[in-house]
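The structure appears right after this line, and notes come after that.
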Amino acid sequence: CSARAVGRHQPHAETQRMSFFVAMCCIASLLLGMPCFSTVRTSRKPHNVASARAQVSCRKARHAQKRLRFNERNPMSRKPLIAGNWKMNKTPAESVVLSQGISNRYSRKWNKVDVVLCPPTIDLRSVFTVLDFDKSNIDVGAQNCHWEPSGAFTGETSIPMLKDVGAAWCIVGHSERRDYFGETDSMVNKKVRALAESSFNAIVCVGESLAVRDAGDAVRFVCDQVRAALAGLDAHEAEYCTIAYEPIWAIGTGRTATPEQAILSFVSVKQAEEIAAAIRATVADLVGEQAAANMRVLYGGSMKPENADGFMACPNIDGGLIGGASLKVEDFCGLVEIASG
Ligand code: PEP
């Protein structure tokens with residue numbers, strides 16, 4: 001099942017218009033001395049490993065530019081980020097269908113948001129190919145990585161391997177990895193540092209259990225996790241990090257409130273904003289005010305179009321890490337639309 005098989009068919013006249021546009025872009029990029037632009041825009045698909053690598057490095061260059069623009073602008077207008085964590089769902093064939101469904105809904109408005117799909121490792125190449133073919137400006141991310149570039153680590157995936165299949169993001173320290181696979185703060189820190197050293201974007205997950213919250217210790221617990229994850233990073237390296245605050249007891253439970261229900265619900269927007277603000281203050285303490293002002297803090301935990309508005313409106317929440325809802329085209333795209341404003 002190829003991307004082409006489920007892609008959109010252009011009428012003949014439109015195809016001609018597109019060809020003319022691409023040709024004009026190529027000439028413009030040659031005149032302006034932008035080799036990456038011409039490579040990305042003219043090669044539809046990677047034909048071999050070398051051209052695939054060339055495309056990946058071009059995407060990297062675009063990421064660097066994106067980051068630069070992001071850091072240069074008013075810190076209070078951080079670009080929202082919506083990342084879908086597919087967890088252990090979707091075979092490679094199914095991943096093509098889901099990513100194609102999302103890509104088909106792509107519109108210009110989405111440029112106001114950074115959108116990342118994080119499928120299982122085995123799906124990365126397929127999803128990257130679909131998105132790259134459609135030029136939909138949606139990025140691909142992994143759910144985990146090892147901190148070493150290669151070696152005797154059976155079952156693991158290194159950062160250079162992820163880069164090679166087109167990923168530019170990696171989720172680190174998800175509570176399921178911490179709880180089920182024994183990932184410690186120290187391992188999270190090694191991964192975050194390795195990602196930053198490789199100019200790779202990390203989505204670093206933190207969040208308290210219900211027992212910690214009930215003990216009134218949530219802010220301290222989460223801020224300690226942030227300190228441990230970012231230990232040893234300088235302000236420049238911290239630019240590669242996004243923090244995702246995910247209260248463990250809200251993940252996959254549907255226990256997140258709609259704004260109307262907030263007063264009765266288990267997690268309120270106010271509580272999430274309080275922790276997000278504390279995370280930002282901790283980052284400021286670690287790597288400085290500017291880096292903290294630039295860093296995106298996401299909320300995660302049963303976020304859906306019905307309850308997203310309140311979270312998105314919080315001054316310290318810059319988007320969402322989405323689990324269950326990222327597996328449904330309608331819901332995920334609905335969240336991107338809300339984040340687009
Ligand atoms: C997650 O696991 O990162 C997550 C936010 O899941 P869900 O949206 O299903 O709660």
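Of the residues making up segment 222-254, those that are assigned to a helix (DSSP H, G or I), more than 17 Å from the chain's Cα centre (by Cα) and either under 17 Å from I82 (Cα atoms) or aliphatic (A, V, I, L, M) (or both) number 8.
Considering the conditions (1) surrounded by fewer than 21 Cβ atoms within 10 Å (Cβ to Cβ); (2) small (G, A, S); (3) near the ligand (Cβ under 9 Å from one of its atoms); (4) at pLDDT below 95, S302 is excluded by exactly one of them, (1).
V269 fulfils the conditions (1) under 15 Å from L298 (Cα atoms); (2) among the aliphatic types (A, V, I, L, M); (3) modelled with pLDDT of 95 or more except for a single criterion, (3). All of (1) outside any loop (DSSP other than H, G, I, E, B); (2) modelled with pLDDT under 95 hold for S126 with one exception: (2). Can you confirm whether segment 287-299 contains a residue that is among the basic types (K, R), on the phi < 0 side of the Ramachandran plot, modelled with pLDDT of 95 or more and away from the ligand (no atom under 14 Å from the Cβ)? So far as segment 287-299 goes, yes, one or more of its residues are among the basic types (K, R), on the phi < 0 side of the Ramachandran plot, modelled with pLDDT of 95 or more and away from the ligand (no atom under 14 Å from the Cβ). Within segment 316-334, residues that are over 19 Å from I248 (Cα atoms) and aromatic (F, W, Y) sit with their Cβ atoms under 6 Å from residues that are more than 7 Å from the ligand (Cβ to nearest atom) and part of a strand (DSSP E or B), at 6+ positions apart or across chains, in these pairs: F332/G84. The number of residues in segment 188-220 that are farther than 16 Å from E246 by Cα and touching a residue at least 40 places away in the same chain (Cβ under 8 Å) comes to 12. Total residues in segment 305-324 satisfying the condition of being out of contact with any Gly (no Cβ under 8 Å at 6 or more places or on another chain), within 14 Å of A83 (Cα to Cα) and either aromatic (F, W, Y) or within 14 Å of the ligand (Cβ to nearest atom) (or both): the figure is 2. Residues in segment 196-214 that are at pLDDT 95 or above and out of contact with any helix residue (DSSP H, G or I) (no Cβ under 6 Å at 6 or more places or on another chain): E197, S199, N201, I203, C205. For segment 101-122, filtering for residues that are touching a helix residue (DSSP H, G or I) at 6+ places or on another chain (Cβ under 7 Å) and either of a type in the set (K, R) or assigned to a helix (DSSP H, G or I) (or both) leaves 8. Across segment 154-178, the number of residues qualifying as over 16 Å from L321 (Cβ atoms) and part of a helix (DSSP H, G or I) comes to 6. Test P119 against the criterion of being at pLDDT below 95 and within 17 Å of F133 (Cβ to Cβ), and give yes or no. So P119 does not fit the description; no.
Looking only at residues in segment 241-260 that are more than 16 Å from the ligand (Cβ to nearest atom) and surrounded by fewer than 20 Cβ atoms within 10 Å (Cβ to Cβ), which one is modelled with the lowest pLDDT? Among those that are more than 16 Å from the ligand (Cβ to nearest atom) and surrounded by fewer than 20 Cβ atoms within 10 Å (Cβ to Cβ), it is E260.
The rows are residues; the columns are (1) charged (D, E, K, R); (2) in contact with an Asp or Glu (Cβ under 8 Å, 6 or more places away or on another chain); (3) not in a helix (DSSP H, G or I).
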residue: V140; (1), (2), (3): no, no, yes
residue: P149; (1), (2), (3): no, no, yes
residue: A152; (1), (2), (3): no, no, yes
residue: Y180; (1), (2), (3): no, no, no
residue: C205; (1), (2), (3): no, yes, yes
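Would you call L335 within 15 Å of the ligand (Cβ to nearest atom) and touching a strand residue (DSSP E or B) at 6+ places or on another chain (Cβ under 7 Å)? Here the answer is yes, as L335 does meet what is asked. Just checking, how many residues over segment 197-211 are surrounded by fewer than 18 Cβ atoms within 10 Å (Cβ to Cβ) and farther than 20 Å from D114 by Cβ? Looking only at that region, the number is 4.
The values are calculated or read from the model by the stated rules, or taken from the named source; none is laboratory data. These numbers come from a predicted model, not from an experiment. Methodologically, a virtual Cβ is constructed for each residue, glycine included, from the backbone with ideal geometry; neighbour enumeration extends over all protein chains shown.
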